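The values are calculated or read from the model by the stated rules, or taken from the named source; none is laboratory data. All values reported here derive from a predicted model rather than from experimental measurement. FYI the Cβ positions are ideal-geometry reconstructions off the backbone, even for glycines, and counts take in every protein chain you see. Keep in mind that these areas ignore ligands, DNA and RNA; they rest on the heavy atoms of the full protein, side chains included. Shrake-Rupley method; radii C 1.70, N 1.55, O 1.52, S 1.80 Å.
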Amino acid sequence: MEEEKSFSDICGGRLALRRRYYSPYCREFGLSSPRLSLRSLTAVTCAVWLVAYGLFTLCENSMILSAAIFITIIGLLGYLHFVKIDQETLLIIDSLGIQMTSSYASGKESTTFIEMDKVKDVIINEAIYMSAKPRLDCLIEVYRSCQEILAHQKATSTSP
Amino acid sequence: MVLKAFFPTCCASADSGLLVGRWIPEQNSAVILAVAHFPFIPIQVKELLAQVHKASQVQVAVLGTWCHRRQEPEESLGHFLEGLGAIFSHDPWLQLCRERGTRFWSCKATYHQLQGTPTEDQVMLIFYDQRKLLLSWLHPPTALPDCQAGETTASTGGLADIFDTVAHSEVLFRNDQFDEGPVRLSHWQSEGMEASILVELAKQASGPVCLLMASLLSLLSAASACRLWKLWPLAFIRSKLSTCEQLQHRLKHLSFIFSTQKAQSPMQLMRKANMLVSVLLDVALGLLLLSWLHSNNRIGQLANALVPVADRVAEELQHLLQWLMGAPAGLKMNRALDQVLGRFFLYHIHLWISYIHLMSPFIEHILWHVGLSACLGLTVALSILSDIIALLTFHIYCFYVYGARLYCLKIYGLSSLWRLFRGKKWNVLRQRVDSCSYDLDQLFIGTLLFTILVFLLPTTALYYLVFTLLRLLVITVQGLIHLLVDLINSLPLYSLGLRLCRPYRLAAGVKFRVLEQEAGRPLRLLMQINPLPYSHVVHTYRLPSCGCHPKHSWGSLCRKLFFGELIYPWRQREDKQD
């Protein structure tokens, strides 16, 4: 069962929360950030090249222009690979654990898996760790689902 | 709780048979290691499992049945499989079934309670790649700083148990379904045993080679530890030169690599491999440097350039001293002291220049022979370069020591006489400042000396400042070279290469992916290995270095500079060795 809802983050941008119920004890929440806009990319590139052209007219050294192109390409690749997070996913599997995946714009995925023994409880802390920065209503949604599963897990583990 | 069944992906296409594996009751999970095919005799299966249990301490048992229906469903097979549950009693009894035409399996887990009515449980299927799990080493994130990854015997947590189970069941994987043994098994080696001729040859050859190298290296170590080196001038020179330090470090590495003891743990094995790769890379880079130096008569060019450079440096120093002897930066110096110090240092430089000119015919030969030592490794060549710089700037070091001692003496004299000025004294017994009554003539002489020292302070301080700055410059250059040597020594290249090419061998954990699902069918997950990040690899596997880092912080360095105490940036290197 899949559901998609639209929330807004603390800066006012739009975020999409995607909920998937695979089974009564396995749920996945995906939060996707807005994509890289062409407008901002063009603006930054133009600014960098204007500065480089200005330096070139001062120094008459063509190395500056090639250096500017090089810096732009490397900077863009670095930004896409290390900084720009496309989507964050939280997968809860009863009696196995909780897995958090961040996927970057260049396709890189970084995953953390926490075993259920090490999870005492899920709480809402200040949302400074998630790069998507959702508002409280989105977090409450996720929090309620997590608590449902944890409660269910505790009930079945204590029963013989 | 849901029952978790870990199923190897290689057995998904195997024929019907029995599921052989380990049941972990604390986590309600069944780790399936292999499938035993029909026909078999139950007694022989039980014997094989007992053998495996004795050899590997892993409690393997028959966990259930596996049914792969390639054709139309056969009812007889179904009843036969049900009957097997009575022969191999295991609680819970798993029944996995795969039908033709659908990707989804049907799983059943039956618990036989004592009361007699069997209860069923929900099953969650988790697929794993057996070969990758067998070869990988789990690095627990909560490992203490002292304990090494891979050496923890008490594994905590469910995942470590699963890794251990698969890793220790190697005995089970020795027979496969094409062997003529009593039981035919299917597991990751079912396509045939994996082996490599080169690896086997290397293993056979490593014994005698290690023996030979170990004996050679022990001879070398004995020669270097003999009493001749402990005589005073040699021992002193040896402790000052960084080349000897580096050579000894490398000797230690080599004797560790070629020791005839087998590696006790994966950590030791990785260490050996890292050291070997580091030594090989070092020697390769050294040979490259050697070939570059000896081509195009570079040595000759270098030797011809060396003497003019030394001359130039001495000339610049002379200009500097002339400047100091005049009115440097508009400051008024004490003429007499200035002339004395200036002439003293100028004479030193004159001696130094004569010495360099005396050596100049031999420099090319010396450089040529020293350049040959680059074949021992790039680190040795860099250490020699650092030592040459230290020798060539020896006069700067001497000037710094003279200036610092003079300044230090002055500062201590001033502080003691300042106390006398105020009527106090330093009590050595009580280690504190006490009041004291002085005689009139003591006070008179003390005050005179105090004024003299105060007025001579700017001159000495200026000389001290200039020579300390020069010395710091030389130390910075030497420090950079040592940093590079340290980097080559301690970077774990083998581990980084392993992380790049075979990321599943260094595992930080696992990650799960939910596979396509159908309502009413059990949940299917794929378990993959989450590789260790590069920063953790470097942090865990870095080799111990020479330990030539400065022992004091910036604050204590500034304090020492202010009081004129001599600074030795890399003294007591021996204390930091592992």
Residue within the stretch B:47-70 that is at pLDDT below 80, open to solvent by 10 Å² or more (accessible area, probe 1.4 Å) and more than 14 Å from every other protein chain (Cβ to nearest Cβ) present: yes
Failed criterion for residue A:119 (all others in (1) open to solvent by 40 Å² or more (accessible area, probe 1.4 Å); (2) in contact with a Gly (Cβ under 8 Å, 6 or more places away or on another chain) hold): (1)
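The rows are residues; the columns are (1) in a strand (DSSP E or B); (2) basic (Lys, Arg).
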| residue | (1), (2) |
| --- | --- |
| B:500 | no, no |
| B:509 | yes, no |
| B:513 | yes, yes |
| B:521 | no, yes |
| B:525 | yes, no |
| B:530 | yes, no |
| B:536 | no, no |
Single unsatisfied condition, residue B:23 versus (1) under 26 Å from residue B:523 (Cα atoms); (2) more than 48 Å from the chain's Cα centre (by Cα); (3) away from chain A (no Cβ under 14 Å): (2)
Condition broken by residue A:35, with the remaining ones in (1) under 19 Å from residue A:108 (Cβ atoms); (2) modelled with pLDDT under 90; (3) surrounded by 14 or more Cβ atoms within 10 Å (Cβ to Cβ) satisfied: (3)
Residue within the stretch B:172-179 that is at pLDDT 75 or above, out of contact with any helix residue (DSSP H, G or I) (no Cβ under 9 Å at 6 or more places or on another chain) and polar (S, T, N, Q) present: no
Output for the stretch A:61-114, where each listed residue is open to solvent by 30 Å² or more (accessible area, probe 1.4 Å), within 14 Å of chain B (Cβ to nearest Cβ) and hydrophobic (A, V, I, L, M, F, W, C): A:82, A:90, A:100, A:113, A:114
Any hit, the stretch A:19-34, residues being of a type in the set (Lys, Arg) and over 30 Å from residue B:28 (Cα atoms): no
Of all residues making up the stretch B:24-46, the number that are open to solvent by less than 10 Å² (accessible area, probe 1.4 Å) and not polar (S, T, N, Q): 10
So residue B:21, is it within 19 Å of residue B:107 (Cβ to Cβ), at pLDDT 85 or above and surrounded by 15 or more Cβ atoms within 10 Å (Cβ to Cβ): yes
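A quick yes/no check of all residues on (1) in a strand (DSSP E or B); (2) of a type in the set (S, T, N, Q):
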{"position": "A:22", "(1), (2)": "yes, no"}
{"position": "A:29", "(1), (2)": "yes, no"}
{"position": "A:49", "(1), (2)": "no, no"}
{"position": "A:58", "(1), (2)": "no, no"}
{"position": "A:64", "(1), (2)": "no, no"}
{"position": "A:87", "(1), (2)": "yes, yes"}
{"position": "A:100", "(1), (2)": "yes, no"}
{"position": "A:120", "(1), (2)": "no, no"}
Residue that is surrounded by fewer than 16 Cβ atoms within 10 Å (Cβ to Cβ) and more than 14 Å from every other protein chain (Cβ to nearest Cβ), where the choices are A:15, A:58: A:58
